[in-house]
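This report refers to the structure that appears directly beneath it.
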Amino acid sequence: MIYLITALDAEARPLCEYYRLKRDTSLPYTLYRNEEIVLVVSGMGRTNALMAVSALLGWRIPEEKDILINIGICGAPSEYRIGEALLIHQILDGDRRYYPDILYSHSLRETSMRCVDVPQSVLSDYPVDMESSPIFQAASRFFKLHQMAFLKIVSDHCTPELVTKEGVIELLRSHVNSLDTLISRLSAVQKQPPLFSTDERNTIEVFKTHFTKSQGSAIDDALTYFRLRNKGEFPPLNPLIPNSKRERSQLLEELIATLTA
Amino acid sequence: MDHPQTQMIRRKFADSQVILIDHYKEVFNRPAQSFAAQSHSKKLILARKEGTFLHEGSQYSDGFDYQQFFYASSIMGCLYDCDYCYLQGLYPSANTVLFVNIEDAFEQLRPYLGKDTLVATSYDTDTLAIESLTHQTSMWLDFADQYENLYLEIRTKSANIKSLKSITLNPRVTLAWTLSPQEIINAYEHATPSLEKRLGAVVEAITLGWKVRLCIDPVIYTEKFAILYTELIEQVFRTIDPEAIEHLTLGSFRMSQSHLRSLKKLRRSDVAFYPYVVRDEMATYSEAIETHILETLLAKATQYLPKERIRTWQRQS
Ligand code: SF4
C-alpha cells in the first residue's frame with residue numbers, strides 16, 4: 001500500500017484525479033483510496049498532521065513493502081524556483097532533526113526543510129512547511145526510514161498570502177509525474193520477500209506447538225538456514241509426534257541436523 | 001568542517017549531496033534504519049571523535065603475545081558487506097562514519113609506547129579498502145615509523161595497495177590478508193575483491209618487501225567445506241611462496257551471542273541461522289565441527305608451513 005499525506009484538499013485533488021482515488025469514510029478524516037493507494041488530507045499544522053497520520057496508520061497498519069509520501073507545497077528562500085519539486089533529506093524542527101533515508105537515485109533537488117508552527121512571511125534559510133516533522137515522527141513508528149519520503153513543491157517565497165487554491169492545484173498537477181517516479185523508486189528499494197509462503201508458515205506454526213518455545217526458535221532457525229541456502233522444498237513437518245519428551249527432543253535434533261547438514 | 005581531511009574528502013565528492021549535521025549519532029544511531037536496505041546505498045558520515053580511539057583487543061582475536069594490544073577505531077562501518085560480519089550486530093546503520101581527527105588517536109597512543117605495543121588499525125573495518133579516500137593507513141605508517149615499540153597490523157580484503165608503494169618499508173608492520181574460497185566470497189563477502197585479486201595484492205606486497213600474514217578466518221562451514229578450503233590452501237601456496245609469509249592464521253566462525261541475535265533479526269544470510277553452540281555468550285560451531293575444521297586445514301597447511309608458523313583460533317575449553 002502507498003500512503004500519501006497532504007495537508008490541503010487542494011493538494012489532494014490532482015492526485016485523486018490522476019490515481020482515480022475514491023472517497024472513503026472509514027475515518028473521521030478526508031480519505032481517498034484505490035487498490036494500491038490511500039491518501040489522507042490531514043489539515044494544516046502540527047497537531048492535525050500528527051493526529052491524522054496516527055489515525056491512518058493505526059487504522060491500517062503498514063506492512064514491510066508499504067511506503068509513505070508526504071506531498072505538498074512549501075515556502076522557500078528565493079534561490080528555490082516557484083514550482084520546483086524538492087526532496088527533503090533533513091527536517092529541522094527547533095533543535096530536533098529528522099532524516100528520511102534516501103536510498104534510491106533520483107533527479108530531484110535535495111534539501112533540508114524547516115518545520116514551523118505558522119505560515120512564514122519572513123524568509124528562512126531553508127524551505128519551510130508545517131507538517132513534515134509530525135508526519136515523520138508519527139510515521140517512523142510504523143515505517144523504516146527508507147520507506148518514507150517528503151516531496152515538497154515551492155509555492156511562494158514566504159508570501160503565503162499570495163498562494164491560491166487554484167495555484168496549489170496547478171502546482172501539484174504539474175508534479176504528478178515526479179510523484180509517480182518517486183513512488184516507483186521508493187518501492188524498488190531492496191525489500192526482503194517473505195522466506196516462507198503462508199501455507200508453509202502455517203505448517204511451521206502448527207508443528208512448533210508440539211515443542212517448547214526455545215525448541216520452536218531452533219526449528220525456525222534451522223528452516224530459515226535451509227531456505228536461505230536455497231535448498232528448495234523443506235522436508236515434511238508432519239511426522240508422528242512422539243509422546244515422550246526424550247523422543248521429541250531426538251526427533252527435533254534429527255530434523256535440525258537434516259536441515260543444516 | 002574545517003579539518004583538512006574533511007576538506008580533502010569533500011573535494012573528492014564535489015558532486016555529492018552534503019547534509020550538515022551536529023553529531024554523527026544524529027544520523028548513524030537513528031531508530032528505524034534498515035541495515036539491509038542501506039547496504040545497497042551506503043552514505044559517508046564525516047565526524048570528529050570525542051572519546052578514545054583505542055580499545056583493548058578482545059578474546060575473539062589474536063594479540064600475538066605483545067605486551068599491549070589495542071585496536072584503533074577511526075572508522076565505524078565498512079565499505080565491504082560480509083554476511084558474517086559482527087558490525088551488522090554492533091551498529092544500527094550500514095553507513096560509514098569516518099573520524100577525521102586521526103591525529104588524536106596518535107596522541108592517545110603516545111603514552112603507551114614505552115612498551116611493545118601492537119595496534120590493529122583495521123580491526124572493525126577495512127581501512128585499506130578506503131585508503132584512496134582517507135589516507136589514514138599512510139598516516140599510521142608514518143606515525144609507526146617514529147616509534148620503535150609500535151607494531152601495526154593492517155588487516156584487509158582489499159586488493160588496492162597503491163598507497164604502500166610510496167611508503168618506506170617498516171618491518172614492524174604486518175599486512176594481514178583475509179582469504180576465502182571464491183565460492184564463499186561470492187556467497188558471503190559482498191563487494192569484496194576476488195580471491196585472485198587479493199592474492200595478486202599479496203604477491204605485490206611481498207615483492208615490495210612487506211611482512212605479510214594470511215588469515216583463513218573465519219572459516220564458514222558448509223557441506224563442501226573440506227573441498228573448498230583445502231583447494232584454497234593449495235591455490236594460495238601455488239601463488240605465494242610459503243617462506244615469504246610470517247604466519248597463517250586459521251579460525252572458524254565465532255560471534256558473541258548478542259551480535260548473532262541482531263544478525264538473525266536482519267534475516268540476510270544463512271550464516272546467522274546455523275545451529276551454533278553457545279557457551280559463555282559466544283556462539284561457535286560444535287566442538288566436533290571446530291576440531292574437524294582445524295584438523296582438516298592444519299593437515300593441508302602443514303604441507304607447506306611448519307606448525308610454528310600457523311596460528312589457530314579455537315574456543316578455550
Ligand atoms: S571486510 Fe571485515 S569489517 Fe568489512 S564487512 Fe567484511 S568482515 Fe566486516
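The values are calculated or read from the model by the stated rules, or taken from the named source; none is laboratory data. Here the structure is a predicted model, which is why all the values come from computation and not from measurement. With ideal geometry, Cβ positions are generated from the backbone for all residues, glycine too; neighbour counts draw on all protein chains shown. What goes into the accessible areas is simple: the full protein's heavy atoms, side chains included, and nothing from ligands, DNA or RNA. Shrake-Rupley method; radii C 1.70, N 1.55, O 1.52, S 1.80 Å.
Among the residues of segment B:81-88, is there at least one that is more than 25 Å from B:Leu199 (Cβ to Cβ) and outside any helix (DSSP H, G or I)?
Checking segment B:81-88: at least one residue is more than 25 Å from B:Leu199 (Cβ to Cβ) and outside any helix (DSSP H, G or I).
Would you check which residues across segment B:188-230 are open to solvent by 50 Å² or more (accessible area, probe 1.4 Å) and on the phi < 0 side of the Ramachandran plot and list them?
The answer is B:His190, B:Glu196, B:Lys197, B:Val203, B:Glu204, B:Thr207, B:Leu208, B:Lys211, B:Tyr221, B:Glu223, B:Lys224, B:Ile227.
Looking at segment B:201-225, which of its residues are in a helix (DSSP H, G or I) and within 14 Å of chain A (Cβ to nearest Cβ)?
Answer for segment B:201-225, where residues must be in a helix (DSSP H, G or I) and within 14 Å of chain A (Cβ to nearest Cβ): just B:Phe225.
Under 7 Å between Cβ atoms, which residue pairs at least 6 apart in sequence (or on different chains) link something in segment B:27-45 that is facing chain A (nearest Cβ under 7 Å) with a partner that is not in a loop (DSSP other than H, G, I, E, B)?
Here the result reads B:Val27/B:Ile45; B:Arg30/A:Leu145; B:Ala32/A:Leu145; B:Gln33/A:Leu145; B:Ser34/A:His146; B:Ala36/B:Leu266; B:Ala37/A:His146, each pair linking segment B:27-45 to a residue that is not in a loop (DSSP other than H, G, I, E, B).
With the condition kept exactly as written, say whether any residue in segment A:227-235 is over 30 Å from A:Glu17 (Cα atoms), away from chain B (no Cβ under 11 Å) and open to solvent by 50 Å² or more (accessible area, probe 1.4 Å).
Scanning segment A:227-235 turns up at least one residue that is over 30 Å from A:Glu17 (Cα atoms), away from chain B (no Cβ under 11 Å) and open to solvent by 50 Å² or more (accessible area, probe 1.4 Å).
Is at least one residue of segment B:123-141 within 14 Å of another protein chain (Cβ to nearest Cβ), within 16 Å of the ligand (Cβ to nearest atom) and either closer than 17 Å to B:Cys82 by Cβ or not small (Gly, Ala, Ser) (or both)?
no
Regarding segment B:36-58, can at least one residue be identified that is part of a helix (DSSP H, G or I) and more than 15 Å from the ligand (Cβ to nearest atom)?
Yes, there is a match, as at least one residue in segment B:36-58 is part of a helix (DSSP H, G or I) and more than 15 Å from the ligand (Cβ to nearest atom).
Residues are listed down the side, and each one gets a yes or a no for (1) closer than 25 Å to B:Tyr123 by Cβ; (2) out of contact with any Pro (no Cβ under 7 Å at 6 or more places or on another chain):
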{"residue": "B:Ile185", "(1), (2)": "yes, yes"}
{"residue": "B:Ala191", "(1), (2)": "yes, yes"}
{"residue": "B:Leu214", "(1), (2)": "yes, yes"}
{"residue": "B:Thr222", "(1), (2)": "no, yes"}
{"residue": "B:Thr230", "(1), (2)": "no, yes"}
{"residue": "B:Ile245", "(1), (2)": "yes, yes"}
{"residue": "B:Ser252", "(1), (2)": "yes, no"}
{"residue": "B:Gln257", "(1), (2)": "yes, yes"}
{"residue": "B:Arg268", "(1), (2)": "yes, yes"}
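Can you tell which of A:Ser105, A:Ser155, A:Ser124 is within 11 Å of another protein chain (Cβ to nearest Cβ), small (Gly, Ala, Ser) and not in a helix (DSSP H, G or I)?
Unique residue meeting the criteria: A:Ser105.
Taking segment B:145-185 as the search range and keeping residues that are within 14 Å of the ligand (Cβ to nearest atom) and under 19 Å from B:Ser269 (Cα atoms), which one is surrounded by the fewest Cβ atoms within 10 Å (Cβ to Cβ)?
Among residues in segment B:145-185 that are within 14 Å of the ligand (Cβ to nearest atom) and under 19 Å from B:Ser269 (Cα atoms), the one surrounded by the fewest Cβ atoms within 10 Å (Cβ to Cβ) is B:Ile185.
Does A:Asp117 satisfy being open to solvent by 70 Å² or more (accessible area, probe 1.4 Å), in contact (Cβ under 8 Å) with a residue 40 or more places away in the chain and assigned by TED's automatic domain parsing to the domain that holds A:Asp9?
The answer is yes for A:Asp117.
So which residues in segment B:271-284 are in contact (Cβ under 8 Å) with a residue 12 or more places away in the chain and either within 11 Å of another protein chain (Cβ to nearest Cβ) or touching an Asp or Glu at 6+ places or on another chain (Cβ under 7 Å) (or both)?
B:Val271, B:Ala272, B:Tyr274, B:Tyr276, B:Thr284
Find all pairs meeting these conditions: Cβ atoms under 7 angstrom apart; at least six residues apart or on different chains; first residue within segment A:162-178 and farther than 12 Å from A:Leu151 by Cβ; second residue assigned to a helix (DSSP H, G or I).
Every condition considered, the pairs that remain are A:Lys165/A:Ala10; A:Val168/A:Ala10; A:Val168/A:Glu11; A:Ile169/A:Ala10; A:Ile169/A:Arg13; A:Ile169/A:Pro14; A:Arg173/A:Pro14.
In segment A:131-143, what residues are buried (at least 22 other Cβ atoms within 10 Å of the Cβ) and assigned to a loop (DSSP other than H, G, I, E, B)?
Across segment A:131-143, the qualifying residue is only A:Glu131.
Here is a list of conditions, (1) away from the ligand (no atom under 16 Å from the Cβ); (2) part of a helix (DSSP H, G or I); (3) open to solvent by less than 50 Å² (accessible area, probe 1.4 Å); (4) not polar (S, T, N, Q), and B:Val119 meets all of them except one; can you say which number that is?
Going through (1) away from the ligand (no atom under 16 Å from the Cβ); (2) part of a helix (DSSP H, G or I); (3) open to solvent by less than 50 Å² (accessible area, probe 1.4 Å); (4) not polar (S, T, N, Q) one by one, B:Val119 breaks only (2).
Answer yes or no as to whether B:Asp83 is within 15 Å of the ligand (Cβ to nearest atom), within 14 Å of chain A (Cβ to nearest Cβ) and among the charged types (D, E, K, R).
Answer is yes for this residue.
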